[in-house]
Each structure stands twice: as C-alpha cells, then as structure tokens.
Amino acid sequence: MLEGTLSVYAFILIFPLAVIGGLIFLIRNFIRSTEYFDADARFDGKTIVVTGGSSGLGRALSVELAKRGARVIVACRTKARRDSTAFFLRSKTGSFNVRTMFMDLTSLDSVYDFCQELAETEEKIDAVVNNAATLCPQSKTSDDLDMMLGVNYVGHFLLTNLLSEKLLKHGTSSSPVRLVNVVCGSLRSGHIVNMDELEGKCAGGYSMRGVYRSSKLALHLMTKELAHKHGDEGIAAYSVDPGYLNTGLYRNLEGPFGKFNQTCAKILYRTTEEGIQTVLYCLGSKDVLKESGSMFKDCRISDARNSDWTEKHVKELWDRTSELILSKGIKMQLAPPEQDEEEEGEEEGGNSEASEE
C-alpha cells in the first residue's frame, strides 16, 4: 500500500516536470532552428566594416569573417574595448588582417572622425555591417538625441552616408558593395519616428521596447531608401533579423519581465554563432543581389511590409534625418584629403604668427 502511494506521489511530481522540460526543449529547438550559410564560402580580398564588433553578434561576426579571409575593420565604442578587441580577434583567428578603431555612436563628431580616418587610410571598402545597438532607459546622446534612436539609427545613418562615396567608387551594378543593417523582427510593431522623438521630446510615457522597435524600423526604412537611391550605382542594401539572441542586449531590462527575458536568453535563445549566419549570407551570396532593400531571416527573405511605409514616408524620414544632422553642425560629406592638409597648413601658419606676436 505504501509503495503504491509513493509511486503516485512520484508520478505527480515527475510528470509535470517532464512536461515542462519537454516544452522548453521544443521551444528552444524552434527558436534556435538555424539555416547555416555555406561553410566553405570565403571573403579573401574583401574589406568589411563592422560596428559593435567588441561584443555579442558583432564580435562573433568579426571572428568568422577574419577566419574566412576578410580584412575586418571593427568599430569599438571605447578605446579600452578597441585595444582588448584587437588582442582577442588576433589570438582567436590567427589573422593580423584585423583593424580595430574607436567610434562612439553617441557622438556624431566621433562618427564623422571615424569615417574621415577610414576613408583616408583604407584603399577600398567592400561591405559595411551596421550592427551596434543599445536597449536602455530614456537618456540622451552628446548631441541631445534620444539615446536608442541616436545610436541604433541616426549614428548609422550618418556613417552610411559619409562612406557612400567611398563605397560607390568600388561598386558596380553587376558587382555591388554590400551594406547590411542588423534589425529585429519586432520592428513590424514600431512606428515611423518624427523629429521630436529623435530628440527625445515625445509626449507621454517612455516605452523602452517601443522606442527600440522604432529605431530598428527606421534602420530598415533606411535600407529601403538606400537601395532605391543607389541600387543601380553599385550599393546593395539588406536588413537582417538574426532572431532572438543570447547577448547582453537585455541587461538594462528591469523588473520581473527583465529577469524573465535575461533567463530566456540564456536558456532558449540562439547563440551569436547561429545569429550571424544570415548576415554572412547577405554578405557573400549571389542569390541576394536582386533583392536589395529586402529584409532577410534564416537565409531567406522575410516579409516586413506595412501599408504605412509608403515611398513618400520613407523618403521623408531620410530627408528629415539629414536635416537634423546638419542642424547639429555635422556635415553629410567627408572633406577631401587635400582640403584637410591645406587647413592644417593654415592653422600651423596662424599659430606661428601668433607666437611671433
């Protein structure tokens, strides 16, 4: 009798745990089901810029690109990260064809300086991956922009525009240079931002997740307009949804929902190595050449259409963002190297005269 009672209690305890474990296993497999890009594909002779390459998806991507023969230029948000990332990538890949540079996306001046140095010191750029992103409470950049919209969208918008001339020099319609914007599937529930939101002046409560989705939507709309503007001139642009990833992106989420998200990331979400596969696909596959302006997930086109995203709205967002950057005193084109040298000469001359006086 006692043994029968114990068996019933054991069943009552074990069965629910087995069901929960089975569900977790199925959900994990569904989320992490990944289409892998060709393992033998190479990027020899290609120079590829990756933002946010010091951690998470960007670091995994930089490692893989270097292993596949690319010259990788990694933009890091602090000088300490720049130095540690250089050591990590070289020791991890055995490649010294890796360059790490400082660029702080919270400062438009820093983005401009990064692009100026890059354009002057690199012979060519074959691809740019706009990967860096932040998910954080309401705050401002040094240019008085909303932090998430400034880092995730405006900074990358400026970087892309400043490097476009360099990209166009080496791209052709048959063999375009490639630009990949890393977005998220939830951008479908974002909304087209206005200038008040970009400058953090939106009325009402602040939704961290809502602003993050809108920043990624803006980045995707930038993809579409870039493809429209330069599709026939040698730049192919793509948005990539890497899926749910186990990275540090969720560290600023607070409360029970934040803890839940962080736990799910560790148990259920994709690894960064799984997340980079579609980025590699858009950088290396010939199948995507006719799909510029599209969003991809799992190495295939992912539907991201919305009736609100008309060509008019997309162009207006592009124009308004350009005007906003110009209003901050930042130029939308890089200075020619000759001009920089002349200005330095004039400054040295002026300093000499001041010393003599």
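The values are calculated or read from the model by the stated rules, or taken from the named source; none is laboratory data. As the structure is a prediction and not an experimental result, all values here were calculated from the model. Cβ: placed from backbone, ideal geometry, glycine included. Neighbour counts: every protein chain shown. The area values use the complete protein model at the heavy-atom level, side chains included, leaving out ligands, DNA and RNA. Shrake-Rupley method; radii C 1.70, N 1.55, O 1.52, S 1.80 Å.
Observations on the model:
- Portion, in percent, of the accessible area of segment 81-197 that falls on carbon or sulfur, probe 1.4 Å: 47
- Out-of-range pairs (alpha-carbon distance over 27 Å; input K169/K331; K46/K229; K92/K286): K92/K286
- Peptides 123-132, 295-304, ordered by how many other C-beta atoms sit within 10 Å of their residues on average, highest first, read 123-132, 295-304.
- Cα-based shape type of segment 169-305, given that a ≥ b ≥ c are square roots of the gyration tensor eigenvalues and the cut on a/c is 1.5: oblate
- Packing-based ranking, highest mean first, of 245-253, 97-105 given that Cβ atoms within 10 Å are counted: 97-105, 245-253
- Rolling a 1.4 Å probe across the protein heavy atoms gives segment 35-116 an accessible surface of 43 Å² per residue.
- Residues of segment 117-276: accessible area per residue with a 1.4 Å probe, Å²: 39
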